[in-house]
1. For GLY139, only one of the following conditions fails: (1) at pLDDT 95 or above; (2) under 23 Å from GLY88 (Cα atoms); (3) not aliphatic (A, V, I, L, M). What is its number?
2. Only residues that are of a type outside the set (A, V, I, L, M) and modelled with pLDDT under 95: list them for region 6-49, please.
3. Go through (1) within 14 Å of the chain's Cα centre (by Cα); (2) surrounded by fewer than 20 Cβ atoms within 10 Å (Cβ to Cβ); (3) outside any helix (DSSP H, G or I) one by one and return the number of the condition ALA78 breaks.
4. Out of all the residues in region 35-62, which are within 13 Å of the chain's Cα centre (by Cα) and either farther than 30 Å from TRP101 by Cα or part of a helix (DSSP H, G or I) (or both)?
5. Within the set of pairs 6+ apart or on separate chains, which have a first residue in region 2-18 that is more than 20 Å from ALA80 (Cα to Cα), a second that is of a type outside the set (D, E, K, R) and assigned to a helix (DSSP H, G or I), and C-beta atoms under 6 Å apart?
6. Check whether at least one residue in region 40-57 is within 15 Å of ILE137 (Cα to Cα), surrounded by 13 or more Cβ atoms within 10 Å (Cβ to Cβ) and among the aliphatic types (A, V, I, L, M), and report yes or no.
7. Write out, first by first residue and then by second, each pair whose Cβ atoms fall under 8 Å of each other, whose residues are 6+ apart or on separate chains, and whose first residue, in region 96-117, is at positive phi while the second is outside any loop (DSSP other than H, G, I, E, B).
8. Could you check region 107-131 and list, in sequence order, the residues that are of a type in the set (D, E, K, R) and not in a loop (DSSP other than H, G, I, E, B)?
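The values are calculated or read from the model by the stated rules, or taken from the named source; none is laboratory data. Treat the numbers as computed from the prediction; the structure is a model and nothing was measured. Cβ coordinates were reconstructed from backbone atoms using ideal geometry, including for glycine residues, and neighbour counts include every protein chain displayed.
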Amino acid sequence: MNGWNAVVSTNLNGTWYVTQEVARQWMLAHGGKIVSIVADMWRGFPGMVHTGAARAGVVNMTKTLAVEWAQFGVRINAVAPGVIASSGLTRYPPEVAANAWKSTPMKRLGTVDEIAWAVVFLVSPAGAFITGETMKIDGGGSLWGDRWPVPDPE
């Protein structure tokens, strides 16, 4: 229960509180752009149901607030990284990191720069007519692959 509450509080509630505060303090009067970072949870998130559920909540919040706050000139989107070659990769079991590239159609891991450039695009004039979307930056991994091995019933 403590793990569930901590992850949901950080990822879902934390995103809500920060988003609500920046909107209240500035954006509802002046417009603005918000980009949340979520997770590649489109096919479930075995072993981390709490993070998958929280991030799915952020995706829904992104869609909902995009409609509600459009009238104030606020655009809100999200970026969903796939497996990224970063220091955070060491938090997962070694076999996940070692095999992740195999289940990605582009046959490689993403980079932190590729995630940053997606955020830059969404807040730039190039993304001016995009709101309520979640951009998957995953080399096609959400479309295909077996990232999570399913154990035999034995």
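1. (1)
2. Correct list: ASP40, TRP42, ARG43, GLY44, PHE45, PRO46, GLY47.
3. Looking at each condition in turn, ALA78 falls short on (2).
4. Within region 35-62, THR51, GLY52, ALA53, ALA54, ARG55, ALA56, GLY57, VAL58, VAL59, ASN60, MET61, THR62 meet the criteria.
5. From region 2-18, the pairs are TRP4/HIS50.
6. Yes, some residue in region 40-57 is within 15 Å of ILE137 (Cα to Cα), surrounded by 13 or more Cβ atoms within 10 Å (Cβ to Cβ) and among the aliphatic types (A, V, I, L, M).
7. Within 8 Å, the pairs are LYS107/TRP101.
8. Result: ASP113, GLU114.
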